[in-house]
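See below for the structure under consideration.
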Amino acid sequence: MDDFTLGLLTNVGLFSFLALSAYLLLLAGEMSFGQQAFFGVGAYAGGILTTLYGVPLPLAALAAMGLGALAAFLVGLPTLRLKGLYFAMATLAAAEIARLLFELLHFQREIEGELAGPDGTQGFRGIRWIFEQGIEAQEFLLLTYALLALVLAALLLVERSRLGVTLRSVGEDPELAAALGVNVNRFKLGVAASAGALAALGGVLFAHHNTFIEPRNFDIMLGVHSLAYALIGGLGTALGPLLGVALDIGVLEGSRIFGGARMIVFGGLVAVLLVLRPRGLLDEALVHCITSRALQRR
Amino acid sequence: MLDLKGVARYFGGVRAVDGLELTVGDGEIVALIGPNGSGKSTTVNLIAGVFPLSAGAIYFRGEDIGGLPTHRRLQAGIARTFQNIRLFGQLTVWQNLWVAQNALEDRARRGFFARWLGGRARAREEIFQLLEFSALAHKQDELAANLAFGEQRRLELARALASKPKLLLLDEPAAGMNSEEIGQLRERILSLRQRGVTILLIEHVMELVMGVADRIAVLNFGQKIAEGAPAEIQADAAVRRAYLGGEA
């Protein structure tokens with residue numbers, strides 16, 4: 001496999017975590033434009049732990065996920081009181097605040113004769129844990145997809161459970177869900193925290209794959225894309241957002257022949273798709289149709 | 001079972017419900033009737049906790065529930081249906097009932113150990129019984145959005161029952177039904193009473209009200225203008241003027 005394909009495939013895997021993060025909140029009926037902030041929190045926290053403190057990556061990833069969940073919980077506390085567009089705006093504002101905080105973050109130490117650590121707008125260089133451990137790019141790709149498969153399996157199980165059905169019910173009509181005995185506020189906070197942890201996991205892997213991160217990585221475009229992944233792929237199943245990432249990155253790479261106009265082409269395609277299928281390619285109706293056919297055959 | 005003491009709700013200057021006193025005894029079926037805009041649905045929303053009281057108090061089984069949020073009132077044993085059908089259209093019939101099992105005892109048996117000690121099997125069994133009761137067993141895997149109107153009404157009732165309520169608030173359950181369907185609904189309501197469910201019924205369809213209610217309270221402009229047995233209400237002059245359309 002050449003480096004380009006390898007990098008592309010790894011990116012598809014990495015951004016899938018972010019896509020699933022946005023997807024979880026969309027299922028709960030909330031459109032967050034701020035999931036990139038938790039991706040960033042994970043990237044910075046994981047990078048600092050492995051690079052400056054020599055913490056092994058698995059432990060650093062767990063800690064970063066915890067921090068991502070905590071950050072998402074704290075952001076959710078005030079913002080989840082808002083509805084619809086106002087929630088979207090508030091999460092966008094929170095994410096921009098997070099990005100500006102990354103720009104202010106100077107926390108460097110001398111590691112083996114060189115300064116390492118976040119240096120504000122200059123970014124954070126030398127996150128080299130996987131190279132120091134002698135992990136090959138292909139192995140990292142496998143690791144990413146193994147973790148993704150694990151997360152996906154867990155999500156698919158949850159979706160079939162009562163918890164998953166409750167999640168969809170809260171998304172469809174929160175007032176009705178409350179009238180049926182669901183503590184909607186607490187439920188949504190739990191969803192937001194889980195989504196924050198997922199995004200942070202993606203962020204840790206992203207930081208270690210790239211070895212260099214900077215605040216610009218976590219800007220609004222990343223948040224828009226994470227929503228697009230889920231909305232293009234479909235909200236009927238957790239496989240939807242993954243399809244969305246593959247399509248999104250695939251189309252973007254494929255449309256390089258359009259040169260500078262490719263974002264226009266891409267935006268047009270997304271708009272057309274969302275008019276035709278507002279809940280994505282794999283939407284609830286299609287998924288229900290497929291699963292009930294599969295059941296009949298059995 | 002249920003005691004409303006001077007219950008009031010103002011929307012700006014409008015007194016939607018104004019000093020309402022109403023008692024519903026254990027196992028009773030009480031109907032609340034009145035012209036459009038007389039405050040019937042507002043009363044249901046106040047009991048269910050959709051919005052807060054402007055004045056007064058609501059006692060449920062002796063406890064003041066006026067300050068409890070909606071989901072806590074359901075857990076305490078108050079379930080409701082809606083005037084305009086509200087279902088989770090993207091969920092199946094089965095799932096609509098599944099998510100509604102939120103009574104305190106249901107929550108207890110979803111604990112880690114209780115779940116494996118037959119809690120799950122019992123939950124399934126209860127859903128099957130509700131599907132039978134509502135004549136929806138053949139539709140259990142259909143999306144709720146694809147059901148016919150009458151089926152949606154039956155599913156709404158079944159969903160309200162899924163939380164094993166002690167008090168059931170029915171907000172115009174017969175709206176849009178034909179005579180045959182109203183007959184079936186009457187049978188269902190009467191059989192619920194036999195199982196010990198207390199019912200507060202809001203309804204315009206007199207055919208249903210007169211057939212099931214033990215007692216009728218009449219609202220007009222947010223105030224109670226009469227209360228009594230069905231025969232007394234039919235004979236009441238004030239009620240006829242306000243509502244039933246007599247000349248008296």
Using 1/(1 + (r/R0)^6) with R0 = 60 angstrom and r between the beta carbons of B:Glu28 and A:Leu276, what's the FRET efficiency to the nearest 0.05? 0.65
For the protein assembly as shown, divide the Cα radius of gyration by the Kirkwood radius and give the resulting Rg/Rh value with two decimals. 1.08
Return the whole-Å distance between the Cα centroid of the stretch B:40-84 and the Cα centroid of the stretch A:263-297. 40 Å
What is the calculated FRET efficiency for A:Gln133 to A:Asp2, with r their C-beta to C-beta distance and R₀ = 30 Å, to the nearest 0.05? 0.80
Roughly how many debye, to the nearest 20, is the charge dipole of chain A about its Cα centre, given +1 on each Lys and Arg Cβ, -1 on each Asp and Glu Cβ, and no other charges? 1100 debye
By a straight-distance test (C-alpha under 28 Å), which lysines pair with B:Lys166 as possible cross-link partners, with residues fewer than eight away in the same chain excluded? B:Lys5, B:Lys40, B:Lys139, B:Lys224
What is the distance in Å between the Cα centroid of the stretch A:62-117 and that of the stretch A:232-250? 25 Å
Alpha carbon convex hull of chain A, volume per residue in cubic angstrom: 152 Å³
For the stretch B:88-149, what number results from the quotient of the Cα radius of gyration and 2.2 N^0.38 Å? 1.21
Diffusion coefficient, µm² s⁻¹, Stokes-Einstein with Kirkwood Rh over alpha-carbon pairs of the stretch A:26-88 at 10 °C and 1.306 mPa s: 125 µm²/s
Antiparallel bridges, percent of DSSP beta bridges restricted to the protein assembly as shown (to nearest 5): 65 percent
By how many degrees, 0 to 90 and rounded to 10, does the Cα axis of helix B:149-161 deviate from the longest principal axis of chain B? 80 degrees
Toy charge model, Lys and Arg Cβ at +1, Asp and Glu Cβ at -1: the stretch A:155-298 dipole around Cα centroid in debye, rounded to 20, equals 440 debye
What is the gain in length, in nm to one decimal, between A:Ile257 and A:Ala285 on full extension, counting 0.36 nm per residue of separation less the C-alpha to C-alpha distance? 6.5 nm
Förster-model FRET efficiency, 35 Å R0, B:Asp141 and A:Asp119, C-beta, rounded to 0.05: 0.05
At B:Glu181 and A:Arg109, where each label point lies 7 Å from the Cα along Cα→Cβ, what is the point-to-point distance in nanometres? 7.1 nm
Quote the relative contact order of the stretch B:88-149 in percent (integer), defining contacts as alpha-carbon pairs under 8 Å separated by 6+ residues. 60 percent
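How large is the convex hull of the C-alpha atoms of the stretch A:1-158 per residue, in Å³?
It comes to 131 Å³ per residue, whole-number rounded.
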Counting every C-alpha pair in the stretch B:1-144, the percent lying more than 29 Å apart is 31 percent
Between B:Ala237 and A:Leu59, with labels modelled 7 Å along Cα→Cβ, what's the label distance in nm to one decimal, could you check? 8.9 nm
I need the helices of chain A that pass two filters: whole DSSP H segments spanning 30 Å or more by Cα along the axis, and mean Kyte-Doolittle score no lower than 1.0. A:3-27, A:57-79, A:84-104, A:137-160
Out of A:Met1, A:Gly120, A:Phe33 - ranked by how far each Cα lies towards the positive end of the dipole of the stretch A:1-126, with unit charges on the beta-carbon of charged residues - the top one is A:Phe33
Charge dipole of the protein assembly as shown about the Cα centre (unit charges at C-beta), most positive-ward option of A:Ile48, B:Leu53, B:Gln184: B:Gln184
How big is the Kirkwood radius of chain B, worked out from every pair of different alpha carbons and given in Å to one decimal? 18.8 Å
Once the convex hull of the C-alpha atoms of the stretch A:133-192 is built, how many Å³ does it hold per residue, rounded to a whole number? 96 Å³
For helix B:179-194, report the angle its Cα long axis makes with the longest principal axis of the Cα atoms of chain B; keep it between 0 and 90° and round to the nearest 10°. 80 degrees
Note: the stretch A:114-240 at 4 °C, 1.567 mPa s; Kirkwood Rh on alpha carbon pairs; Stokes-Einstein D in µm²/s works out to 74 µm²/s
Among A:Leu222, A:Ala271, A:Val204, the residue whose Cα sits farthest towards the positive end of the charge dipole of the stretch A:184-280, when +1 is placed on the Cβ of each Lys and Arg and -1 on the Cβ of each Asp and Glu, is A:Ala271
Work out the length of the dipole vector of the protein assembly as shown about its Cα centre, built from +1 on the beta-carbon of each Lys and Arg and -1 on the beta-carbon of each Asp and Glu, and round it to the nearest 20 debye. 880 debye
Quick note on B:Glu227, B:Glu187, ordering by fewest other C-beta atoms within 10 Å, gives B:Glu187, B:Glu227
Take every Cα pair under 8 Å in chain B that's 6+ residues apart, average their separations, divide by the length, and report that relative contact order as a whole percent. 28 percent
State, as an integer percentage, the relative contact order of chain A based on alpha-carbon contacts under 8 Å between residues 6 or more apart. 31 percent
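What value, in deg cm²/dmol to 500, does the helix sum -39500 (n - 2.57) over DSSP H runs of n ≥ 4 give at 222 nm once divided by the residues of chain A? Can you show the working numbers first?
Values: 13 runs with 219 residues, N = 298.
When only DSSP H runs of four or more count, the value is -24500 deg cm²/dmol.
Taken together, the values in this text are just the output of simple stated rules run on the coordinates, not laboratory data. Note that the coordinates shown come from a computational prediction; the quantities given were computed from them, not determined experimentally. Don't worry about glycine lacking a Cβ; one is built from the backbone with ideal geometry, like all the others, and counts go over all protein chains shown.
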